[in-house]
Amino acid sequence: MSTLFTKLVRSIDVYFITSTNIFFSTITEADNVVLEHCSIFSGSMRTVTTGDPLLAALHSNRPENTAIKPQNHNLNLINATSTLWRRRWTAFASGSKPPIPVSNNTDIRDSTEQIWLTCFYFSWKWFSRLVSCYLLLSLNLVAVASEYPIPSTYACEDITNYYSPVKHLRLKGEALKRKLNSIIAPHRSLSYQEVWDALKILDAADIDNPEASLGIVEIYSLRVVSKGLSGKPQGWNREHLWPRSYGLTTVPSLTDLQNIRPADVNVNSSRGNKYYGECITSSPKCLRPANKEAASDTEADKRIWAPPKQVRGDIARALMYMAVCYGFQQPGGSPALRLSDTPNVENREMGLLSTLLEWNEVDPPSREEKLRNERICKFYQHNRNPFVDHPE
């Protein structure tokens with residue numbers, strides 16, 4: 001389309017030059033031709049070479065070193081059209097005759113007309129170039145924006161039809177996992193910067209007015225903190241529920257919003273890459289709360305991390321989503337993700353699976369979790385978490 005607009009602008013130039021040729025006699029080839037005229041802005045003399053597009057359109061045979069005179073067919077056209085003015089160009093070849101002096105009012109008037117027509121031509125020339133640049137720039141911006149199109153609706157917004165490929169198949173186990181993967185895996189990938197902005201909407205303190213809300217809710221402390229503290233040492237950062245060391249090496253899994261929540265910087269550091277589970281509270285190695293800035297019902301030991309009970313189901317469903325969405329070889333050759341009761345960093349196996357299944361039943365999806373899933377579908381990734389839509 002850029003080429004189309006360029007051709008359009010060029011065709012306008014050609015049309016203008018061709019039309020102008022009706023009014024003027026033309027000039028034979030010479031080294032330099034000087035047109036006496038006034039610049040629009042400075043009133044300066046302009047020297048135009050024979051390579052100029054204007055002169056190229058006005059060239060014709062004439063005797064050497066003679067003034068330009070209107071041709072007969074041009075005079076007839078001018079006389080027949082009352083709205084068109086007569087124009088007389090005064091020109092000379094460089095190193096030859098000087099300009100023909102203007103000796104009467106008619107010549108002065110005609111010279112003024114020549115000046116304005118010349119100024120109009122060059123004004124049009126630069127204006128057309130500016131329009132061309134503007135159109136090309138607009139097309140480039142549209143092309144960049146179209147990399148991540150955001151139409152008004154997506155297939156994921158229609159829950160019934162979104163899961164229709166598995167609705168009546170009665171699949172189980174690996175077959176069901178693979179079919180769900182084919183539905184939710186194709187989605188838009190986000191940049192790390194986009195994740196910051198998305199969390200301020202998805203986890204806003206006021207879920208009904210997320211853009212107006214000034215705060216976000218931290219996942220492990222359940223405190224409301226200012227959005228402006230994102231990335232600050234005493235603020236909050238992006239917590240990967242499924243730790244990066246367990247197989248998240250590149251996008252899209254590395255920036256999947258289903259797996260990322262805001263968390264207090266210190267609490268996030270305390271959790272590290274511990275897998276989820278419940279430690280024996282009677283053990284001296286089990287800390288409750290897991291961190292002094294975490295919620296009171298959190299737990300942790302050397303290997304296990306238990307989040308607040310209020311969000312345990314949320315976290316369980318997020319990890320189940322990750323195991324299905326990236327449960328087969330990831331884009332870029334990254335290994336598949338798995339849930340297990342024997343978590344292992346080298347095998348990319350996260351857990352504890354049995355505990356996560358229990359949390360899913362005990363803590364069903366809340367309104368906040370459902371709304372978050374809906375907004376991820378509509379505004380960001382354009383896919384859904386099937387375990388939020390169908391926790392059963």
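The values are calculated or read from the model by the stated rules, or taken from the named source; none is laboratory data. In this text, all values refer to a predicted model and were calculated from it rather than measured experimentally. All Cβ positions, even for glycine, are placed from backbone atoms using ideal geometry, and neighbour counts span all protein chains on display.
Determine which single condition Ser245 fails, assuming it passes every other condition in (1) over 18 Å from Ala336 (Cα atoms); (2) part of a helix (DSSP H, G or I).
If we test Ser245 against (1) over 18 Å from Ala336 (Cα atoms); (2) part of a helix (DSSP H, G or I), just (1) comes out false.
Could you please find all residues in region 271-285 being assigned to a loop (DSSP other than H, G, I, E, B), within 21 Å of Ser354 (Cα to Cα) and of a type in the set (Lys, Arg)?
Passing the criteria: only Lys274.
Being within 16 Å of Glu218 (Cα to Cα) and either in contact with a helix residue (DSSP H, G or I) (Cβ under 9 Å, 6 or more places away or on another chain) or surrounded by fewer than 18 Cβ atoms within 10 Å (Cβ to Cβ) (or both) is the filter here, so list the residues in region 281-294 that pass it.
Residues satisfying the conditions are Ala290, Asn291, Lys292, Glu293, Ala294.
Restricting to region 180-206, name every residue that is assigned to a loop (DSSP other than H, G, I, E, B), surrounded by 15 or more Cβ atoms within 10 Å (Cβ to Cβ) and polar (S, T, N, Q).
Result: Ser189, single match.
Would you point out the residue of region 343-377, among those that are at pLDDT below 95 and under 24 Å from Val195 (Cβ atoms), that is surrounded by the most Cβ atoms within 10 Å (Cβ to Cβ)?
Of everything passing the filter in region 343-377, Arg348 is surrounded by the most Cβ atoms within 10 Å (Cβ to Cβ).
Against the definition (assigned to a loop (DSSP other than H, G, I, E, B), under 27 Å from Ile159 (Cβ atoms) and either touching a Lys or Arg at 6+ places or on another chain (Cβ under 9 Å) or free of Cβ contacts under 8 Å to residues at least 12 places away in the same chain (or both)), how does Glu374 come out, yes or no?
Working: assigned to a loop (DSSP other than H, G, I, E, B): no; under 27 Å from Ile159 (Cβ atoms): yes; either touching a Lys or Arg at 6+ places or on another chain (Cβ under 9 Å) or free of Cβ contacts under 8 Å to residues at least 12 places away in the same chain (or both): yes.
Here the answer is no, as Glu374 does not meet what is asked.
Output the residue which, of all residues in region 295-338 that are of a type in the set (S, T, N, Q) and surrounded by fewer than 21 Cβ atoms within 10 Å (Cβ to Cβ), is nearest to Arg384 (Cα to Cα).
Once the filter is applied, the top-ranked residue is Gln329.
Would you confirm, using the coordinates I've provided, whether Glu361 is free of Cβ contacts under 8 Å to residues at least 60 places away in the same chain, within 33 Å of the chain's Cα centre (by Cα) and not in a strand (DSSP E or B)?
no
When you scan region 208-221, how many residues do you find that are surrounded by fewer than 17 Cβ atoms within 10 Å (Cβ to Cβ) and out of contact with any Ser or Thr (no Cβ under 8 Å at 6 or more places or on another chain)?
Filtering region 208-221 down to residues surrounded by fewer than 17 Cβ atoms within 10 Å (Cβ to Cβ) leaves 208-209, 211-212, 214.
Remaining after also requiring out of contact with any Ser or Thr (no Cβ under 8 Å at 6 or more places or on another chain): 208-209, 211-212.
So the answer is 4.
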